[in-house]
Structures are given as structure tokens and as C-alpha cells.
Protein chains: 2
Amino acid sequence: MKKGLPEKRRCARLASIFKTLSHPQRLYLLCCLCDGESTVGELGAACGAPQPVVSQHLTRMRLEGIVASRRAGNHVHYSIADPHIPALIRSMEKISHE
Amino acid sequence: MKKGLPEKRRCARLASIFKTLSHPQRLYLLCCLCDGESTVGELGAACGAPQPVVSQHLTRMRLEGIVASRRAGNHVHYSIADPHIPALIRSMEKISHE
DNA sequence: ATAGTATATTATATAATTAGAATATTCACA
DNA sequence: TGTGAATATTCTAATTATATAATATACTAT
């Protein structure tokens with residue numbers, strides 16, 4: 001047992017974030033949002049998924065605190081909420097280009 | 001649709017890695033391994049899980065290419081296989097201390 | 001060969017996630 | 001107020017992940 005290990009409670013929280021990132025479409029949505037905010041419709045077009053599915057994924061990420069939403073008319077704009085996420089995604093993009 | 005978005009195939013690969021990281025015990029094991037290689041027994045003691053469970057988690061991470069193993073006598077030493085993982089974990093540790 | 005220790009595998013029951021379809025809500029505007 | 005567009009919610013079936021227990025393998029030393 002070395003120093004500096006995270007507590008197990010904290011591991012559970014971080015694992016939960018990873019779980020939220022562990023779906024290909026959610027990850028793609030997040031990558032899109034790293035370029036700036038988008039509406040649900042734009043995101044759906046970008047990832048080619050049916051609207052309810054996109055909405056479900058966004059809701060899940062919002063509940064996890066990863067993205068935020070604001071309504072403008074009858075569009076809803078989503079954006080990255082946790083400022084550490086883009087760096088995490090950049091770290092991730094260096095991984096195994098196999 | 002902006003430039004520089006990862007391909008969907010690549011998102012699937014990266015999401016799979018995230019899924020592997022999305023279990024509290026696996027994440028804890030990885031954090032332990034960031035301090036250097038350890039045997040299955042040491043890891044089991046560190047995270048307080050039964051031996052078969054630890055072994056299952058390690059096998060899964062090995063199949064994903066995240067860790068590697070070498071046998072020495074009847075101990076098996078595990079270590080981080082993908083050199084980008086520690087950076088990914090450090091990025092993650094900056095996230096939401098809630 | 002036998003016994004003991006360390007690690008790995010398998011089986012199974014349970015729980016969680018996912019896709020897909022249907023429907024509901026919210027808002028703008030005629 | 002009523003219609004259409006954008007988004008959200010709910011439900012169900014199918015899939016996948018997990019925990020637990022039992023058992024198997026690999027190696028060392030006697």
C-alpha cells in the first residue's frame with residue numbers, strides 16, 4: 001500500500017464518470033461539444049442517432065454533471081459543464097491508435 | 001459537424017477502454033499499479049477483494065491491453081501496459097472533487 | 001509423487017445497461 | 001387556441017455486466 005492512492009469512495013465517483021464516458025455515442029457527443037455548444041438537433045445529425053436516444057444520452061451526462069443545458073426558444077443548447085473534461089478527452093485521444 | 005472529430009470506430013475503441021476503467025475496483029487496482037508493478041496477492045490485499053475477483057478484473061484489463069503480466073515462480077506480477085494510462089488517470093483525478 | 005501456495009477459470013443467479021418504439025412536454029407563431 | 005417543431009420521458013425486451021461460489025491450473029519444495 002503506497003501513498004497517494006485515492007480513497008475508495010473517490011474511485012467510485014470517478015468510475016461513475018468513466019461509465020458515463022464509456023458509450024461510443026456519448027463519447028462522440030462529448031467530442032462534438034468540445035468544439036463548442038450545440039443543440040440536440042445538431043448533435044443528432046452529427047452522430048446519426050435517433051432523437052430520443054441522443055436526448056437520453058445528454059440527460060445522463062447532464063445528471064452526471066458533465067454537460068449543461070440552456071433553453072433558447074424551442075432549442076436546447078448543450079455544452080461541456082466540467083472544465084476538466086476537454087483535458088481528459090485529449091489524454092484519451094493519445095491512447096492506442098492501434 | 002466540425003473538423004478534428006474522431007472517427008466513430010475510434011470512439012468505440014476508446015469507449016471500450018473507458019468501460020474497462022469504469023469499475024471502482026478496477027480503477028483502484030490501476031491506481032495501485034501506477035506506483036509500480038504488483039502481484040495479484042498484493043493487489044488483493046490493497047483493495048480488500050477476494051482473490052478470484054481481483055484475478056477477473058486483472059484479466060479483463062490485460063485483454064484490453066491496459067495492463068501486462070509476467071510470471072515469476074508462482075507469483076504473477078502485473079504492471080501498466082499502455083504508457084498513456086497514468087496521464088489519463090492524472091487527468092481524471094482533477095475532476096470534480098465535489 | 002505429494003502437499004501447499006498463488007493464480008486463473010467456470011458456472012450461475014442477479015442486476016444494470018441498452019435499443020427501440022411510443023408518447024409527452026415545451027415553445028413559437030399563426 | 002391550435003398546430004408544428006424541438007426536445008424529453010416512459011416503457012419493454014434484449015443484452016451485457018456483476019457478484020458469488022466452486023473448481024481448476026501452475027508452480028515450488030519436500
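The values are calculated or read from the model by the stated rules, or taken from the named source; none is laboratory data. It should be emphasised that the depicted structure is a prediction, and the values quoted were computed from it without experimental measurement. Heads up, the Cβs are rebuilt from the backbone with ideal geometry, glycines too, and the neighbour counts pull from every protein chain shown.
If you check A:Q25 against the conditions, is it of a type outside the set (A, V, I, L, M, F, W, C), in a helix (DSSP H, G or I) and in contact (Cβ under 8 Å) with a residue 12 or more places away in the chain? In short, yes. Checked against the criterion of being closer than 30 Å to A:G48 by Cβ, at pLDDT 90 or above and within 10 Å of the chain's Cα centre (by Cα), the candidates B:S22, B:S16 yield just one match: B:S22.
Looking across A:I95, A:I89, one residue alone is within 14 Å of chain B (Cβ to nearest Cβ) and touching a residue at least 40 places away in the same chain (Cβ under 8 Å). It is A:I89. Taken over region B:35-69, the criterion of being part of a helix (DSSP H, G or I), at the interface with chain A (Cβ under 9 Å from one of its Cβ atoms) and under 19 Å from A:R10 (Cβ atoms) is satisfied by B:A46, B:C47. When every residue of region A:63-72 is checked against the conditions, at least one turns out to be among the charged types (D, E, K, R), within 12 Å of DNA strand C (Cβ to nearest atom) and surrounded by fewer than 16 Cβ atoms within 10 Å (Cβ to Cβ).
Checked across region B:78-90, the condition of being within 20 Å of A:K19 (Cα to Cα), within 13 Å of DNA strand D (Cβ to nearest atom), of a type in the set (D, E) and within 14 Å of the chain's Cα centre (by Cα) holds for no residue. Candidates are the residues of region B:26-62 that are near DNA strand D (Cβ under 9 Å from one of its atoms) and under 24 Å from B:S16 (Cβ atoms); the one that is surrounded by the most Cβ atoms within 10 Å (Cβ to Cβ) is B:R26. With respect to being modelled with pLDDT under 90 and either under 20 Å from B:L14 (Cα atoms) or crowded, with 16+ Cβ neighbours inside 10 Å (or both), A:R10 fits the description.
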